[in-house]
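The values are calculated or read from the model by the stated rules, or taken from the named source; none is laboratory data. No experiment lies behind these values; they were computed from the predicted model shown. For neighbour counting, all protein chains shown are included, and Cβ atoms are generated from backbone atoms with ideal geometry for every residue, glycine included. Ligands, DNA and RNA are excluded from the accessible area calculation, which covers all protein heavy atoms including side chains. Shrake-Rupley method; radii C 1.70, N 1.55, O 1.52, S 1.80 Å.
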Amino acid sequence: MVKSTAETLNPTRVKLDVEVPFDELKPRIDEAYKTIANQVQIPGFRKGKVPNRLIDQRIGRGYVIETAINEGLNGYYQEALREAEITPLNRPEVDITSAPGAEGDAEAPLKFTAEVDVRPTIELPDYKGLKVTVDPAAASAEDEEKALNDLRSRFGTLKETDRPAGKDDFVTISLTATIDDETVDQADDLSYQVGAGTMLEGLDEALEGLSAGEDAIFETTLSGGEHSGEKATVKVVVSAVKDRELPEADDEFAQLASEFDTIAELKEDLKKQASEQAITEQGVEARDKVLEELVKLIEVPVPDSVVEEQVEQHFSQGGHSEGDDHDTADHREEVTENFREAFRNEVILDAVADAEEVGVEQSELIEYIISSASQYGMDPNQFAQMLDQAGQVPLIMGEVRRRKALAKVLEFAEVTDTDGNAVDLTSFVKPAGEQEGDAAEAADSDDAEAPKEEKKAPAKKPAAKKAPAKKAPAKKAAEKAEDADEAEEKKPAAKKPAAKKAPAKKPAAKKTAEDEGTEA
């Protein structure tokens, strides 16, 4: 039986001393002999029939021992983790201190140490009754008018015009990108809304003021294809500028665009929606401020190695190189701080969830998956299958649980507006934080699609997204600093140990242990 002891080196790092008796390792050694016998060719012996003593002579018993250690090291490490009730955050540093054959003892036990980063244990303060101040929730006449105009825009028509293009106009364009006078990319007859910011950096500025038949040249950094990240000169040619004509806001429009028969009824409904939106935005502000106040009360040690690993993964995923326009010192510093903040938030909210005995119902998990799938434009079933295959479901459950924990803290908080009025967030935080609205996120995204015919549909407020815990999941932490980067909730996984050294001659133990990874 594997014996182990754990020593806390600091609040975020633990050292395991592990001893594996020879009898425990012997089956691995026997299996190693069989494996090697099937791999080597020795005259006079068939594969798999080579005697152990001959393998010792030709290959060396040290290599056999190393092979056995490689095969069993992770299992022994995982057993030691379970015994010590430790959940690692990253790959451990392993040092093999003794193995069979060391100092002439053929049956010496296997001994190794493993240092690994762990989550710190924190003591929660009294988080009930946190006081925060938010802006009053009031929808203005401008908000109501904007809601009506946004709905009218969905049913608008595009009409070519002779005037120069301005913000929000639709244009038909052709793009040609060159690097060192060589054409590297070209696209024709693209439909684009000026100001959308969904294509190349500098395109919106180049388009403003151009009329049909005119062109402009600008410098930019390509964001796709084999030349992604490279500087290029782009020529944009405008072939058409289109005005959006909005339908009249009358009873006929109300019947076309909604379930209402009159424009007065439609306006009243949009007014109600604007009011609900204002309350939702107020709730989001209160939620974020409550988290900020909670974090101020708790000192959370953050393991630097874990953050550094996540930062490197973040920048390497986009195919960027250090020093390019994306991976700059300032940007890297910002992303690093976001990951550190995310780690602190996770630790705190997980502790709150434990204290409040917060659980996650299957219906809540399904709701989250459906909401997330819609954001990515994916079928919910396909999205759920992708998460399951990637082993991400436990991480998703953790995020939902943290959201509920934050909702619980908000439920206990004392929230007032800047006018001194108490704020009732019952409509934002439902019992036990079962659902939180975050329509503010939806309000920030503009519909840049060209107007088109749509079927008659009720002008109702869309289902609100779940309000995320502010930068709670580590993978999302860097979104604050990114323009187009994705961030999937990612939590450090426990991986197989990387052996630093072994007493045997061949360094096989190090290589194999590093190459094998096990998710916690």
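Charges at C-beta only: +1 for Lys and Arg, -1 for Asp and Glu. How large is the resulting dipole of region 212-258 about its Cα centre, in Debye rounded to 20?
400
Using a Debye calculation, one point per C-alpha and no hydration shell, please list log10 I(q)/I(0) for region 26-166 at q = 0.11, 0.17 Å⁻¹ in order.
With one equal scatterer per Cα and no solvent, log10 I(q)/I(0) is -0.67, -1.04.
Given a 1.4 angstrom probe, what's the average accessible area per residue across region 178-230, in square angstrom?
Roughly 62 Å² per residue, with all protein chains present.
Please give the contour-minus-distance gain from Gln362 to Gln317: 0.36 nm per residue of separation, less the Cα-Cα distance, rounded to one decimal in nm.
Gain on extension, Gln362 to Gln317, equals 13.0 nm.
Taking all protein chains as present, what is the carbon and sulfur share of the accessible area of region 342-399, in % to the nearest whole number, probe 1.4 Å?
49
Rounded to the nearest 20 Debye, what is the dipole magnitude of region 350-421 about its Cα centre when Lys and Arg each give +1 and Asp and Glu each give -1 at the C-beta?
260
For region 139-258, what class follows from the C-alpha gyration tensor (a ≥ b ≥ c being the square roots of its eigenvalues): rounded when a/c is under 1.5, otherwise prolate if a/b is larger than b/c, else oblate?
prolate
Give the residue from Tyr376, Ala405, Pro394 lying farthest towards the positive end of the charge dipole for region 327-429; charges sit on Cβ (+1 for Lys and Arg, -1 for Asp and Glu) and the dipole is referred to the Cα centre.
Pro394
Given a 1.4 angstrom probe, what's the average accessible area per residue across region 1-115, in square angstrom? Could the numbers behind the result be given before it?
Numbers: 6120 Å² over 115 residues.
Here the residues of region 1-115 average 53 Å² of exposed surface.
Say each of Arg46 and Gln385 gets a label point 7 Å from the Cα, pointing the same way as Cα to Cβ; how far apart are those two points in nm?
Roughly 4.6 nm, to one decimal.
Need the C-alpha centroid separation for region 249-274 versus region 201-227, integer Å.
39
Just to be sure I follow: if Rg is taken over the C-alpha atoms of region 312-404 and Rh is the Kirkwood radius over the same atoms, what is Rg/Rh?
Radius of gyration over Kirkwood radius for region 312-404 works out to 1.06.
How much accessible surface area, in Å² rounded to 10, belongs to the heavy atoms of Glu107 with a 1.4 Å probe?
In the full protein context, Glu107 sits at about 120 Å².
In square angstrom, what is the accessible area per residue of region 253-375 with a 1.4 angstrom probe?
48
Dipole of region 135-271, Cα-centred, from +1 at each Lys and Arg C-beta and -1 at each Asp and Glu C-beta, to the nearest 20 debye?
Numbers: 12 positive and 36 negative charges, 30 e Å.
Dipole magnitude for region 135-271 comes out near 140 debye.
Using a 1.4 Å probe over the heavy atoms of the protein chains, calculate the carbon and sulfur portion of the accessible area of region 36-174 as a whole percent.
On the way: 3170 of 7440 Å².
C and S fraction of accessible area: 43 percent.
Remind me, relative contact order of region 191-322 in percent, using alpha carbon pairs under 8 angstrom and six or more residues apart?
Computed value for region 191-322: 12 percent relative contact order.
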